[in-house]
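Only one structure is covered here, and it is reproduced in the block below.
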Amino acid sequence: MKRLITTCIIFIISASAVLAAQTELPASSVDYEPIRKGDQFIHVELGISVPLFNISSNGLESTTNLDLGGSGRIGYARFLTSHISLGGSLGFSFNSTLGENMFLALPITFRTTYELVFNRIHVPISISTGGVFQTYRTRNYFGLILKPEVGGYYQYSPDWSFGATLSWDIMPQWYNDSSSNRVGNFLNAMLGLRYHF
């Protein structure tokens, strides 16, 4: 009988120790990072192109003789840190003229972005630079483009976000005859989608 009681006491103590060990969870912490180093995304944007003004040898010219047009681009970016990304894009913009002709610009740019994050809201602040092919009637020109921009995106899911971007295209045209030099300035307002992976 003493053996039975001793065995039962040992069993109860052992079972209590096992249960106590199972209920104690190891200390751990999980930090959520909306963007991690190495994250990537592909973006597609479409919108409008607004001719603002030209700068020529005569100074600022607010009359551009261009109407409201369209713009768009597709691109890729990769995050080097949780806020800084590098990428590139291929775009287009077009504006009709008063004479019903078409001015077309095809930029290829490299972009550096600093992205602010407020929960699901992402605010990318970027600067892009590269080359742009411009054509108007029979005249063609390949030159530089500088594009500062700011956007706002809502992270709908881990894979998708959507939002809008405002960018300012600065496109100089420099010729041997400096009287023909000009710098075109355009504002693009675009809606966009991002696919994250």
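Before moving on, here are some points about what is shown:
- Contacts under 6 angstrom Cβ, first residue in the range 101-129 being over 19 Å from Ile74 (Cβ atoms), partner charged (D, E, K, R) and outside any strand (DSSP E or B), 6 or more apart: Asn101/Arg137
- Candidate set from the range 153-180 (those that are assigned to a strand (DSSP E or B) and aromatic (Phe, Trp, Tyr)); member that is surrounded by the most Cβ atoms within 10 Å (Cβ to Cβ): Tyr153
- Qualifying residues in the range 146-197 (those that are in contact with a Pro (Cβ under 9 Å, 6 or more places away or on another chain), modelled with pLDDT of 95 or more and among the charged types (D, E, K, R)) - the one farthest from Gly38 (Cα to Cα): Asp169
- Number of residues in the range 165-195 that are free of Cβ contacts under 8 Å to residues at least 60 places away in the same chain and farther than 30 Å from Asn58 by Cα equals 0.
- Residue pairs whose Cβ atoms lie under 6 Å apart, separated by 6 or more positions or on different chains, with the first residue in the range 73-94 and closer than 19 Å to Val117 by Cα and the second modelled with pLDDT of 95 or more and among the acidic types (Asp, Glu), are His83/Glu115.
- Considering Gly152, Gly184, Gly143, Gly192, the condition of being in contact with a His (Cβ under 9 Å, 6 or more places away or on another chain) and closer than 23 Å to Gly130 by Cβ is satisfied by Gly192 alone.
- Filtering the range 93-117 to residues that are surrounded by 15 or more Cβ atoms within 10 Å (Cβ to Cβ) and touching a His at 6+ places or on another chain (Cβ under 7 Å) leaves only Glu115.
- In the range 181-197, the residues that are over 19 Å from the mean Cα position of the chain (by Cα), assigned to a strand (DSSP E or B) and either of a type outside the set (A, V, I, L, M, F, W, C) or closer than 17 Å to Ile125 by Cβ (or both): Arg182, Gly184, Asn185
- Taking the range 20-110 and the strands (runs of 3 or more DSSP E) fully enclosed by it, the elements with 3 or more residues that are at pLDDT 95 or above and either touching a Pro at 6+ places or on another chain (Cβ under 6 Å) or of a type in the set (Phe, Trp, Tyr) (or both) are at 84-96.
- Qualifying positions in the range 43-68 - touching a strand residue (DSSP E or B) at 6+ places or on another chain (Cβ under 7 Å) and among the polar types (S, T, N, Q): Ser49, Asn54, Ser56, Ser62, Thr64, Asn65
- Residue match in the range 118-139 (condition: assigned to a strand (DSSP E or B), surrounded by 13 or more Cβ atoms within 10 Å (Cβ to Cβ) and charged (D, E, K, R)): no
The values are calculated or read from the model by the stated rules, or taken from the named source; none is laboratory data. It should be emphasised that the depicted structure is a prediction, and the values quoted were computed from it without experimental measurement. So basically every Cβ, Gly included, is an ideal-geometry build from the backbone, and we count neighbours across all protein chains shown.
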